[in-house]
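The values are calculated or read from the model by the stated rules, or taken from the named source; none is laboratory data. Everything numeric in this text was worked out from a predicted model, so none of it was measured. Neighbour counts are summed over all protein chains in view; Cβ atoms, including those assigned to glycine, are modelled from backbone coordinates with ideal geometry.
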Amino acid sequence: MVSAGFVRMASVTASTKRPPAVSSGIRGAAAENLSSLKCTPLDPVDAELAARVGIGTPHEVLQCFVQNGLDIEEGDILVVSSVDYPIRAVEEWYWGPDSADTLRLIVEDLKR
């Protein structure tokens, strides 16, 4: 069960896209996977976390939290305000004192 504190913090509406499997050496366009997903605002991660999950990139690394139990995988794309953020890591996160009721998503903000 998601805590009341998390529900108040999850003020951003997002969706996810999932790239299809590679076929004949070609990967098709990502298709919508989840919609109307509530998450916390995207926040920057510290350098220690980026190093721990193995993200060495010139792009900005961000994090947000969603409720646990959703079909979200590394390699999916988080879409917030029509901006695509590749999901680089997904891990259970303890929001309350004794419950793993949320997931932390580590995403990249690809600067173009």
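Remarks
- Test result for ALA50, modelled with pLDDT of 90 or more and surrounded by 14 or more Cβ atoms within 10 Å (Cβ to Cβ): no
- Under the condition of being among the aromatic types (Phe, Trp, Tyr) and either touching a helix residue (DSSP H, G or I) at 6+ places or on another chain (Cβ under 7 Å) or at pLDDT 90 or above (or both), the residues counted in region 90-104 number 1.
- Selection count, region 1-41, where residues are modelled with pLDDT of 85 or more, in a loop (DSSP other than H, G, I, E, B) and under 19 Å from TRP93 (Cα atoms): 4
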